[in-house]
1. Go ahead and estimate [θ] at 222 nm for the chain from helices alone: -39,500 (n - 2.57) per DSSP H run with n ≥ 4, summed, over the residue count, rounded to 500.
2. Let me make sure I get this right: for region 204-260, a, b and c are the square roots of the gyration tensor eigenvalues over alpha carbons, sorted descending. Under 1.5 in a/c it's rounded, otherwise prolate if a/b > b/c, else oblate. Which is it?
3. What is the distance, in nm, between label points placed 7 Å from the Cα along the Cα-to-Cβ direction at E167 and at Q340?
4. With θ set to phi - 60°, apply the Karplus curve 6.51 cos²θ - 1.76 cosθ + 1.60 along region 293-301 and write out the HN-Hα couplings as whole Hz, x wherever there is a Gly or Pro.
5. Work out how much length K93 to Q437 would gain on full extension: take 0.36 nm times their residue separation and subtract the Cα-Cα distance, in nm to one decimal.
6. Please check the chain for the longest run free of GluC sites (Glu not before Pro) that are loop-located per DSSP (anything but H, G, I, E, B) and have at most 16 other Cβ atoms within 10 Å.
7. For region 270-354, with only Lys/Arg (+1) and Asp/Glu (-1) charged at the beta-carbon, what is the dipole magnitude about the Cα centre, in debye rounded to 20?
8. Could you work out which residue, out of I12, I129, I361, moves most in a Gaussian network model of the chain, that is, has the largest mean-square fluctuation with Cα springs under 10 Å?
Amino acid sequence: MIDVKHLTIPGILEDITFAVAPGERVSIIGESGSGKSLTALSIMGLTDLPAQGSVTVDGTEMVGTPDRVRRRVRGRKVAMVFQEPMTALDPLKRIGKLVSHELLAEVGVDRPGAYPHELSGGQRQRVLIALALSQNPDVLICDEPTTALDAIVQAEILDLLDRLVRERGMGLLFISHDLAVVRRMTDRVLVFKGGRIVAPDSDYAKALAAAAEPGPPAQPVPLGEPVVTLSNVSLRRGRTLAVDDVSLSVRAGERLAIVGGSGSGKTSLLHLVAGLREPTTGTVRVAGDVQMVFQDPYSSLDPRMAVRTSIRETGVDGTRADEMLARVGLAGTGDRTPRQFSGGQRQRISIARAAAPRPRILLADEPVSALDATIQDQVLDLLRDTVGDNTLVFVTHDLRVARELCPTVAVMQAGRIVEQGATERIWAAPEHPYTRQLLAAVL
């Protein structure tokens, strides 16, 4: 169904050769920037980069042919769930105009009248999945389809994809940095490194597997006076109560993880602390300078600005900017613009920019969700080093990452904090039913 022969894009991909048979499930794993997404875009005929070699979808050539030829197979023969849903959806169209209400309901989105910006990151990803399935393709390409989803919704979406692929007899090409998901969803693995396919028993593949194993839990640290205080805070966004009567205190030196499902209010709470939104009711007090890593790196970076300049906007010099790019594995790339990086690389740039001025309070919204296991470990080390004795508020849907990085955790559901305390206590003996459900989906 998909036949890739000697696909080469100078400087990016080199001699990529593989095939996906009808009904076969194949995964692509590898570090950020290894060529995974670009290979998928080449199969879809959605890149204008100078490509050599051949890519056919059900016999139709996708390299070097007119777009009118490629359009005949897109959607009907092969469809794709893209990595960054906010940039893949039309911001001026309600989602009910893009996909049927039945499919939206099937993927768990009950707001057909909403615009993309009114949905959480996980909800937007579910809309993309419904959109990709709308023409019943023969092959479905999924590029990090569960990156933005919490453990419960991830399990639901993977069950949905598994069932739909099986019932419709579709082939599946699944790109992910989550090795557990890869093992669950596919039968064959392609390992990418530096634009090449390497052997699954190579040292690099073994290093990926080792990095995916959970690390030790974070240890408690001495804490100072409160630097973030929320008192009976609510935030209404249209008809939605995004944050509902939340009171929270974060002390100097604390590393607090805020976990919960997509749409639970985690990001809205972080925006209140950052001063990006005013509370509808209640008060927010912050003592100290704040920097923030945003959830969607592409929309948070100026597309026309070199990334070194973006980092320097935080008040640091060029030397510090280049040092931070090197710390996140992107040495020598300061003169490039955001579009010249992969999604995971853009996320690393966002982290470098926020961490560069060594803020007293660092807010991080899903900062490692788009990163493979090896880079994720590096970035978590960078966050630990950058935060030091300062304060970190870390929003994530990945409970394993929360446990490794943060000694304390707050669990959110439907805009409220339903449980809060020491991470190890909650991990060992969760009290709220929702917390137990979250942990059950992970363990």
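We did not get these values from a lab; they are worked out from the coordinates using the rules stated. As the structure is a computational prediction, the values presented were derived from the model and not from experiment. Note that each Cβ is placed from the backbone with ideal geometry, even for glycine, and that neighbours are counted across all protein chains shown.
1. Numbers: 18 runs with 154 residues, N = 443.
Here the helix-only value at 222 nm equals -9500 deg cm²/dmol.
2. Details: a/c = 4.86, a/b = 1.60, b/c = 3.04.
The shape class here is oblate.
3. Roughly 4.7 nm, to one decimal.
4. After applying 6.51 cos²θ - 1.76 cosθ + 1.60, I find 9, 8, 5, 9, x, 5, 7, 9, 10 Hz.
5. On the way: separation 344, 0.36 × 344 = 123.84 nm, distance 3.42 nm.
Fully extending the segment from K93 to Q437 adds 120.4 nm.
6. On the way: sites that count: E313, E431.
In short, 1-312.
7. Working: 12 positive and 9 negative charges, 37 e Å.
So the magnitude is around 180 debye.
8. I12
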